[in-house]
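Here is the structure we will look at, set down as structure tokens.
The values are calculated or read from the model by the stated rules, or taken from the named source; none is laboratory data. Keep in mind that this is a model prediction, so the values were computed, not measured. Positions of Cβ are backbone-derived with ideal geometry, glycine not excepted, and every protein chain shown enters the neighbour counts. Quick note on the areas: whole protein, heavy atoms, side chains included, nothing else; ligands and nucleic acids left out. Shrake-Rupley method; radii C 1.70, N 1.55, O 1.52, S 1.80 Å.
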Amino acid sequence: MASSRVRVLLTAVLFSAAACDGGAPPTYPTTPSVPGARPLLTAADSLAALGPAPVATLSDSYTIASAPGIPVRQGDVVTVSVTSIDNGRCETVTVDGAVSATLWTDIGTPTACGNSPAPVTLPAIPADGVLVFDLPLIANTATITGGGPTFQVAFEDGYDSDYNDIVLSVSIASNAEPRVTCTPAPMRGSEVSCSATGGGVTVKAWHFTEGNLTIDETTTSNVWSGPAVIDGDVSVDVEVNGTPRTLTTTFAVAARPWHWGPSQWRYTQGTGQLCFKERPVVGSPINYGWNRRVGSCDPGRISPDVTKNQTGGYTTQMVPRGPNRGVWYLTGVSYRMDTESQMNPEITSAGIQHPLTNTTQARACRTALGLKNSATVYVNFQMYNERCEGLSLAGMYAGIWAHEGMGTGAANNGHEAQGRIAASDPANDLYQILEGVWATSEAEMRTSVGNTVYPIESRITNQAASHQFVNNNWCGSVWMWSNSTNSYVTAQIVTANNNCI
């Protein structure tokens with residue numbers, strides 16, 4: 001199994017020895033001899049839990065400058081032998097850390113120390129860790145070669161560079177307890193890698209389950225990896241030295257930091273569609289202004305309109321491999337809340353002019369408009385109020401724009417303000433809620449997105465449209481046409497629930 005470059009806390013097994021120089025340097029391979037070799041550890045690795053052990057990191061280098069180490073797994077059986085020794089200085093080799101023992105005392109040639117030690121097999125390694133060699137008498141300079149399960153560690157005392165002062169052979173027999181692990185715990189869409197390890201393990205098939213969803217893959221690979229988009233349980237069918245077993249684990253997926261806010265919201269005043277064109281008449285419901293989705297007269301607020309466009313506002317793809325193979329998920333969201341307001345043209349200078357038949361009112365208007373006494377008077381709402389009656393509508397116009405927009409002051413008493421308050425509710429955070437949507441087919445994915453967006457848009461739209469808080473932007477009366485009297489009469493402009501606008 002290929003090693004993962006992941007920072008881990010290692011438990012060390014320590015060796016110590018030393019020697020003097022003599023003889024021709026041995027020749028060792030410079031690259032791992034076995035595919036998927038265990039990585040070696042340098043003196044930078046974190047072994048803080050081991051007391052005197054040096055600090056180290058996973059390295060791709062096969063040259064270790066100080067206190068070299070070889071990674072081991074829980075249950076591994078390690079055999080160490082001396083394959084080359086010097087003729088002068090004698091050494092004592094000890095093991096500290098997870099295994100505490102003295103391997104050899106005063107090793108050397110028979111003429112120098114009278115001792116030709118036999119190989120020593122350590123007890124089963126009690127925890128994942130690293131074999132670290134320590135030879136203080138020769139400055140701890142060494143190289144490690146080999147790719148596992150056999151390594152050679154050659155020490156140099158510093159007087160030359162032949163690396164043959166002491167050479168240890170380290171043979172590792174994997175007897176680790178079979179297990180399956182998935183690392184890391186990924187953010188949605190990033191890679192998860194599940195590995196089956198242990199002595200005598202042969203993989204037969206992998207499985208992933210989440211609720212009613214099951215994903216199976218028949219393979220002999222010890223690694224099952226791919227983009228992770230949903231939490232779930234992982235199991236692997238194996239044989240351990242010919243005996244069938246099932247190993248299980250789980251992994252959880254972290255949400256991506258997707259949120260929406262003002263950068264996805266935009267409001268413009270006076271750019272909306274002319275959705276209504278109603279003459280202000282006493283007793284008739286009048287839309288003085290409105291706030292709608294950009295380019296639309298529909299009451300919704302989120303673009304694109306999910307009821308008309310099921311493919312816009314997001315991107316999606318299928319997981320191609322690994323535990324979540326075949327699952328569809330979102331790779332991006334681009335929905336916006338872009339709205340615009342407009343005012344009923346019939347209350348502006350653009351309103352249609354109608355004949356004024358009331359004699360008294362017509363006489364006053366002729367004077368104001370500079371018409372001859374016999375001329376028929378044609379006026380609209382704005383003309384009658386401002387020119388015939390001298391009543392400025394500026395306050396009413398400002399109140400209507402505030403009513404449709406952000407309101408007045410800090411009251412948030414505008415439709416747009418209330419829409420944004422609703423959109424800011426975490427329960428309506430469209431991006432974060434869509435972030436976790438997944439499905440088992442593209443068609444189902446489209447439906448799931450629509451079923452997620454629509455109720456959020458409904459809640460935001462309903463709060464934005466309510467006049468519970470949208471009122472009191474302007475209070476006042478204006479002159480309005482009355483069909484019952486065929487004249488203009490004064491009337492107060494109010495909301496549907498009889499509040500000031």
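Annotations for the structure displayed:
Residue by residue, here is whether (1) touching a Phe, Trp or Tyr at 6+ places or on another chain (Cβ under 9 Å); (2) on the phi < 0 side of the Ramachandran plot; (3) at pLDDT below 95 holds:
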residue	(1), (2), (3)
L274	no, yes, no
I286	yes, yes, yes
R293	no, yes, no
S303	yes, yes, no
K308	no, yes, yes
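- Options G399, G395, G390, G419: the member that is open to solvent by less than 50 Å² (accessible area, probe 1.4 Å), of a type outside the set (A, V, I, L, M) and more than 18 Å from Q468 (Cα to Cα): G395
- Residue list for the range 222-253, filter: surrounded by 14 or more Cβ atoms within 10 Å (Cβ to Cβ), among the aliphatic types (A, V, I, L, M) and under 11 Å from P186 (Cα atoms): A228, V229, I230, V253
- A411 surrounded by 15 or more Cβ atoms within 10 Å (Cβ to Cβ), outside any helix (DSSP H, G or I) and not polar (S, T, N, Q): yes
- For the range 436-463, filtering for residues that are open to solvent by less than 50 Å² (accessible area, probe 1.4 Å), among the hydroxyl-bearing types (S, T, Y) and over 25 Å from R292 (Cβ atoms) leaves 2.
- Among the residues of the range 436-464, those that are within 19 Å of H259 (Cα to Cα) and in a loop (DSSP other than H, G, I, E, B) comprise G436, V437.
- Some residue of the range 247-255 being at pLDDT 95 or above and in contact with a helix residue (DSSP H, G or I) (Cβ under 9 Å, 6 or more places away or on another chain): yes
- When the range 403-416 is filtered for residues that are among the small types (G, A, S) and over 10 Å from A464 (Cβ atoms), the ones remaining, listed by number, are G405, G407, G409, A410, A411.
- Residue in the range 364-375 that is crowded, with 17+ Cβ neighbours inside 10 Å, in contact with a Pro (Cβ under 7 Å, 6 or more places away or on another chain) and among the charged types (D, E, K, R) present: no
- In the range 195-217, residue most open to solvent (accessible area, probe 1.4 Å) [restricted to those that are part of a strand (DSSP E or B) and modelled with pLDDT under 95]: T202
- Subset of the range 425-435 (residues that are in contact with a helix residue (DSSP H, G or I) (Cβ under 9 Å, 6 or more places away or on another chain) and either surrounded by 22 or more Cβ atoms within 10 Å (Cβ to Cβ) or in a helix (DSSP H, G or I) (or both)): P426, A427, N428, L430, Y431, Q432, I433, L434
- In summary, strands (runs of 3 or more DSSP E) completely within the range 281-384 and bearing 3 or more residues that are more than 30 Å from M187 (Cα to Cα) occur at 289-293, 337-343.
- Answer from N358, N380 - the residue that is open to solvent by less than 10 Å² (accessible area, probe 1.4 Å), touching a strand residue (DSSP E or B) at 6+ places or on another chain (Cβ under 9 Å) and at negative phi: N380
- Which listed residue is surrounded by 14 or more Cβ atoms within 10 Å (Cβ to Cβ) and of a type in the set (S, T, N, Q), from N309, N324: N324
- For the range 464-494, a tally of residues being open to solvent by less than 70 Å² (accessible area, probe 1.4 Å) and either over 21 Å from Y397 (Cβ atoms) or in contact (Cβ under 8 Å) with a residue 40 or more places away in the chain (or both) returns 18.
- Taken over the range 137-186, the criterion of being closer than 30 Å to N324 by Cβ, open to solvent by less than 40 Å² (accessible area, probe 1.4 Å) and either touching a Leu at 6+ places or on another chain (Cβ under 9 Å) or modelled with pLDDT of 85 or more (or both) is satisfied by P178, V180, C182.
- Test: residue in the range 359-372 that is modelled with pLDDT of 95 or more and under 60 Å from the mean Cα position of the chain (by Cα): no
- Looking across the range 254-277, the residues that are open to solvent by less than 80 Å² (accessible area, probe 1.4 Å) and outside any strand (DSSP E or B) come down to A255, R256, W258, W260, G261, Q264, G270, T271, G272, C275, F276.
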